[in-house]
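Here's the structure, in structure tokens; my notes come after.
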Amino acid sequence: MPKNLGLSLYAILETQLKWHGMPYEFKRLPSRVCPNCEIEMEEPPGRRMKCHICGLEEDRDKIPVLWALKLIS
């Protein structure tokens, strides 16, 4: 796909969802806030995040996935 079309993955997804009449909500999910207690997490060396309240320790890239699971359950 040529770059000058200006279509991002988000724009393509949004167009397809509208076309098929599917509801959606674009939402940024935090990677530095604990999904359990909603407190700012510490970042020790590396890409792991640790909550000093509940003890959750997880890779920074997985924290938004935990937020998504929390939102849909």
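Computed values, structure above
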item: Residue 12 vs. criteria over 14 Å from the mean Cα position of the chain (by Cα), modelled with pLDDT under 90 and not hydroxyl-bearing (Ser, Thr, Tyr); result: yes
item: Pick from the range 55-70, criterion surrounded by 12 or more Cβ atoms within 10 Å (Cβ to Cβ) and part of a loop (DSSP other than H, G, I, E, B), ranking: farthest from the chain's Cα centre (by Cα); result: 56
item: Residue satisfying condition, being in contact with a strand residue (DSSP E or B) (Cβ under 9 Å, 6 or more places away or on another chain) and loosely packed, with under 12 Cβ neighbours inside 10 Å, within set 44, 23; result: 44
item: Conditions (1) free of Cβ contacts under 8 Å to residues at least 12 places away in the same chain; (2) within 15 Å of the chain's Cα centre (by Cα); (3) in a loop (DSSP other than H, G, I, E, B); number of the one not met by residue 45; result: (2)
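The values are calculated or read from the model by the stated rules, or taken from the named source; none is laboratory data. All values derive from a computational prediction rather than experimental measurement. Note that we place each Cβ from the backbone using ideal geometry, even for glycine, and neighbour counts take in every protein chain shown.
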